[in-house]
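Report on the structure given below.
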Amino acid sequence: MAPIISIQNLTKTYSNGFQALKGVDLDVERGEILALLGPNGAGKTTMISIVCGITNPSGGKVTVGGHDVVKDFRATRSMIGLVPQELTTDQFETVWNTVSFSRGLHGKKPNPAHIERVLRDLSLWEKKDNTLRQLSGGMKRRVLIAKALSHEPEILFLDEPTAGVDVTLRKDMWHVVERLRASGVTIILTTHYIEEAEEIADRVGVINGGRLLLVEEKKTLMAKLGRKQLILDLTETLDAVPHRLDGNGLSLGPGGTTLIYDFDAEHEQSSIATLLSRLSEEGIHFKDLSTRQSSLEDIFVSLVGEDK
Ligand SMILES: Nc1ncnc2c1ncn2[C@@H]1O[C@H](COP(=O)(O)OP(=O)(O)OP(=O)(O)O)[C@@H](O)[C@H]1O
Ligand SMILES: [Mg+2]
């Protein structure tokens, strides 16, 4: 099936000459959850703004549902819901009106039952008659999400939706995301909370300095780049890794009380058995052993670090 979003050689140079995107290629499949990770200033919001038709690209081509985002702005925009990173909403309007008007702006007929469902899902129903200035910061964020969902979009962009929100809202939000995914909505989110991406994304993209460093199925990424460590708690401290065991991915932990074995998560079994028998030949004994798998965070830090 054709991708729902197709980005080809996208570049963006802002009017002050700063190049925020340096040739990004990305296809997003219908119904997937894609997490975009990247440090501050990587270009995430710039890329999202271009797909949503808020910012003009300098070069390249972006289509949404087969329509060009520049030439066919109306068609593409109505397919998209955007939860922006910054709060930008009329403070004197009520929650109900804000969300209902937003639906109208996208050219959809009124549907109070849908608006009610969205507000209830986001625990905003009690506040529907409050004006926005009467809400807390986290509640205003919920209103942004409700607005983005008001016109039943096929694609939802969440630009750091959980920055500065409490645990309850995060949970509410991920429930909403799960439900949307189940109904076939395509979701692209940016986050600095890598564990969130690890939990809910199907694919992960890493962006840094205006370039997409990689896009990969989360499982493949973790298997490919993920390292495992076997940590042996020694009965006697060692000064150094014994000579005959050098160069096999072994290192000593602090104080010489642990021996750490770095190995490839995919070809682990036989090498561990060999290692353990060689240790016993060397007279090295341990009282406990544990393993540790590198997280998406470790992978991210090493990728972005290398790119500097
Ligand atoms: N209007 C603008 N004019 C000039 N430069 C801009 C403009 N908007 C963004 N930039 C620059 O483009 C780069 C990318 O910004 P962008 O907002 O896309 O980053 P981001 O990945 O969303 O970062 P964050 O995680 O902090 O939200 C930054 O260096 C930023 O300073
Ligand atoms: Mg941003």
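The values are calculated or read from the model by the stated rules, or taken from the named source; none is laboratory data. Keep in mind it's a predicted model, so treat the numbers as computed, not measured. Here Cβ is always computed from backbone atoms with ideal geometry, including for glycine, and neighbour counts include all displayed protein chains. In case anyone asks, the SASA skips ligands and DNA or RNA and just uses the protein heavy atoms, side chains included. Shrake-Rupley method; radii C 1.70, N 1.55, O 1.52, S 1.80 Å.
Out of residues 5 or more away from LEU212 or on other chains, whose amide H comes under 5 Å of its own, with H placed 1.01 Å from N in the peptide plane?
Under 5 Å from the amide H of LEU212: ASP25.
What do you reckon, how do PHE101, PHE157 stack up by accessible area (1.4 Å probe), largest on top?
The residues order as PHE101, PHE157, largest area first.
Given 4 °C and 1.567 mPa s, compute D for region 178-242 with the Stokes-Einstein relation, Rh being the Kirkwood radius over Cα pairs; round to the nearest whole µm²/s.
84
Given the DSSP H assignment, sum -39500 (n - 2.57) over each helix run of at least 4 residues in the chain and divide by its residue total; what's the result at 222 nm in deg cm²/dmol, nearest 500?
-10000 deg cm²/dmol
Would you please give the residues with an amide H less than 5 Å from that of GLY253, counting only those at least 5 places away or on a separate chain, with H modeled from the backbone geometry?
THR258, LEU259, ILE260
Long-range amide H contacts for LEU82: which residues qualify at under 5 Å (H placed 1.01 Å from N, peptide plane, sequence gap of 5 or more or a different chain)?
Answer set, sorted by chain and number: PHE157.
Expected output is a single nm value to one decimal: the length gained when fully extending between ASP233 and SER136, i.e. 0.36 nm times separation in residues minus the C-alpha distance. What is it?
Computed gain between ASP233 and SER136 is 30.0 nm.
Report the calculated FRET efficiency for LEU214 and SER271 (r = Cβ-Cβ distance, R0 = 35 Å), to the nearest 0.05.
0.80
Report the far tail of the P(r) of the chain, meaning the percent of Cα-Cα pairs longer than 23 Å.
For the chain, the share of Cα pairs beyond 23 Å comes to 63 percent.
Please give every one of the lysines within straight-line cross-link reach of LYS108, meaning a C-alpha to C-alpha distance under 18 Å, and leave out same-chain neighbours fewer than 8 residues apart.
LYS147
Which value, in debye to the nearest 20, describes the size of the charge dipole of the chain about its Cα centre when Lys and Arg Cβ atoms bear +1, Asp and Glu Cβ atoms bear -1, and nothing else is charged?
The calculated dipole for the chain is roughly 1600 debye.
If the reach is capped at under 25 angstrom between alpha carbons, list the lysines near LYS12, excluding any in the same chain fewer than eight residues apart.
LYS22, LYS44, LYS61, LYS71, LYS308
Enter the accessible area per residue of region 200-265 (Å², integer; probe 1.4 Å; all protein chains in place).
Each residue of region 200-265 exposes 50 Å² on average to a 1.4 Å probe.
For region 3-149, what is one quarter of the convex hull surface built on the Cα atoms, given in nm²?
For region 3-149, the mean projected area of the Cα convex hull comes to 9.8 nm².
Roughly to the nearest percent, how much of the accessible area of the chain is carbon and sulfur, given a 1.4 Å probe?
Of all accessible area on the chain, carbon and sulfur atoms account for 49 percent.
From the protein chains alone at 1.4 Å, what is the descending order of accessible area for TYR261, TYR14, largest first?
Per-residue accessible area, sorted high to low, gives TYR14, TYR261.
Taking R0 as 51 Å, what FRET efficiency do you get between GLU282 and TYR193 from their Cβ-Cβ distance, rounded to the nearest 0.05?
For R0 = 51 Å, the calculated efficiency reads 0.70.
On a 1.4 Å probe surface of the protein chains, which of ARG142, ARG170, ARG278 comes out largest in accessible area, and what is the full order?
Correct descending sequence by accessible area is ARG278, ARG170, ARG142.
Under a GNM of the chain (C-alpha, springs under 10 Å), which listed residue has the highest mean-square fluctuation: LEU34, LEU26, LEU230?
LEU230
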